[in-house]
Amino acid sequence: MRPTAPTPLTSRRGLLFGTAAVGAGAFLAGCTSNDPKDEKTAAEDRPADDKPGRHVTIGFAGPQADHGWLNAINDNAKRRARTYSDVTLEITEGSNDTAAQIGQVETLINKKVDVLVVLPADGKALTQVGLKAMRAGIPVVNLDRVFNTPQAYRCWIGGDNYGMGLNAGHYIGEKLKDTPDARVVELAGLDNLELTKQRTKGFDDALKNYPNIRKVARQAADFTVESGQAKMAQLLQAQRKFDALWNHDDDQGVGALRAVEQAGRDGFLMVGGAGALSAFQAIKRDDGVLKATVLYPPTMSASAIDLARALGQGKGVGGMAEYEIPASVTLYSAVVDKDNVDRYMPTGFR
């Protein structure tokens, strides 16, 4: 015997406030039944999968796509939603103006969408509208830039900035571990962003494992091609010799590579960040200094659609024993080099 399907009201409010009770009830039903058929059906009903289920309208609100990665976020969400016959995606025009984005989220709340996916331009500024949605019984999937309180979202999914720096540092460390007095430089992103600080800390922590390696210089750029070129030119002028470069962002890396070419420099390896298609292509050609990049995957928005659909249908996640989706999902920052670049090439953003 299994619990009856929840009404639309309980499917929204129950996900926020009653999932533990529903999960426990389903668990007991599965465990106390002596009918193997009942147990199998209960288990099959839990995970999210590709089989059509209850129709779910997902509202999607993100910032303005003024960067290759953010544009890929929107594209991945749209493409993922189209793969489901039981999903309608209501997507807003992205805005970096917090007041405008708050208004867009409020419009989606008023439309009574089943689930919200929000990548806030400013997590702190949009926390109150996240709380408003949750109090209205609309579960929120908070994408990447986190709200100030877990009460403003049902699930958070995003990248691992510390992990990006950590994995970049370990990759460089392993390449240089037999090089005496190895010297590395860092081309960071915007220093006023917490994510930049996390990436730098991860990198510095990884290098502590390699006593033969010293970081001799660091410049902060602005995540743009132009800033990458200008700041890399400064690094090259100040450092006549180094063995490796960790660049936080593949977009600014385009400019950094231009500066390297203009200076006629080589003799070092470069590791990028994020996972741009141009970086993947350069890594595959293997004809320059760029040897690897560390992912900050824009496919997270496709996964956010998966999670939102599961929430709207009252399901868990396929491949997991839990009755509900996790409270948070931190994606892994894989290192992509010539050995595995073909696998990741379809995920590269322009």
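The values are calculated or read from the model by the stated rules, or taken from the named source; none is laboratory data. Nothing here was measured: the structure is a model prediction, and the numbers come from that model. No Cβ is skipped: glycine too gets one built from the backbone with ideal geometry, and neighbour counts run over all protein chains shown. Ligands, DNA and RNA are stripped out before the accessible areas are found, and what is left, the full protein with its side chains, is counted by its heavy atoms. Shrake-Rupley method; radii C 1.70, N 1.55, O 1.52, S 1.80 Å.
Any residue that is modelled with pLDDT under 95 and acidic (Asp, Glu) - is there at least one of those in region 224-233? So far as region 224-233 goes, no, none of its residues is modelled with pLDDT under 95 and acidic (Asp, Glu). Set side by side, the residues Asp337, Asp342 differ, and just one is touching a residue at least 24 places away in the same chain (Cβ under 8 Å) and in contact with a strand residue (DSSP E or B) (Cβ under 8 Å, 6 or more places away or on another chain), which is Asp337. Please specify each residue of region 314-329 satisfying the condition of being modelled with pLDDT of 95 or more and not hydrophobic (A, V, I, L, M, F, W, C). Across region 314-329, the qualifying residues are Pro326, Ser328. For region 167-178, filtering for residues that are farther than 24 Å from Asp191 by Cβ and either touching a strand residue (DSSP E or B) at 6+ places or on another chain (Cβ under 9 Å) or not in a helix (DSSP H, G or I) (or both) leaves 4. The residue list Ala217, Ala206 contains one member that is open to solvent by less than 30 Å² (accessible area, probe 1.4 Å) and part of a helix (DSSP H, G or I), which is Ala206. Taken as a whole, region 119-131 holds no residue that is among the acidic types (Asp, Glu) and on the phi > 0 side of the Ramachandran plot. Going by the structure shown, is Val146 open to solvent by less than 30 Å² (accessible area, probe 1.4 Å), of a type in the set (Val, Ile, Thr) and either more than 16 Å from Asp306 (Cα to Cα) or more than 21 Å from the chain's Cα centre (by Cα) (or both)? Considered against the rule, which asks whether it is open to solvent by less than 30 Å² (accessible area, probe 1.4 Å), of a type in the set (Val, Ile, Thr) and either more than 16 Å from Asp306 (Cα to Cα) or more than 21 Å from the chain's Cα centre (by Cα) (or both), Val146 comes out as no.
Taking region 110-143 as the range and being open to solvent by 20 Å² or more (accessible area, probe 1.4 Å) and under 18 Å from Ile305 (Cβ atoms) as the test, the residues that pass are Lys111, Asp114.
Among the residues of region 281-300, at least one is within 30 Å of Val141 (Cα to Cα), among the aliphatic types (A, V, I, L, M), open to solvent by less than 10 Å² (accessible area, probe 1.4 Å) and out of contact with any Ser or Thr (no Cβ under 7 Å at 6 or more places or on another chain). Evaluate the following for Val329: is it open to solvent by 10 Å² or more (accessible area, probe 1.4 Å), part of a strand (DSSP E or B) and under 23 Å from Arg79 (Cβ atoms)? In short, yes. Going by what's in this entry, would Gln262 be described as more than 15 Å from the chain's Cα centre (by Cα), open to solvent by 60 Å² or more (accessible area, probe 1.4 Å) and without any contact (Cβ under 8 Å) to a residue 24 or more places away in the chain? For Gln262, the condition - more than 15 Å from the chain's Cα centre (by Cα), open to solvent by 60 Å² or more (accessible area, probe 1.4 Å) and without any contact (Cβ under 8 Å) to a residue 24 or more places away in the chain - is not met. Of the residues Thr88, Thr41, Thr107, the single one that is part of a helix (DSSP H, G or I), among the hydroxyl-bearing types (Ser, Thr, Tyr) and either open to solvent by less than 30 Å² (accessible area, probe 1.4 Å) or modelled with pLDDT of 95 or more (or both) is Thr107. Is there a residue in region 124-135 that is in contact with a Ser or Thr (Cβ under 6 Å, 6 or more places away or on another chain) and part of a loop (DSSP other than H, G, I, E, B)? So far as region 124-135 goes, yes, one or more of its residues are in contact with a Ser or Thr (Cβ under 6 Å, 6 or more places away or on another chain) and part of a loop (DSSP other than H, G, I, E, B). Please find, within region 149-166, the residue that is nearest to Trp69 (Cα to Cα) out of those that are in a helix (DSSP H, G or I) and open to solvent by 30 Å² or more (accessible area, probe 1.4 Å). Once the filter is applied, the top-ranked residue is Tyr162.
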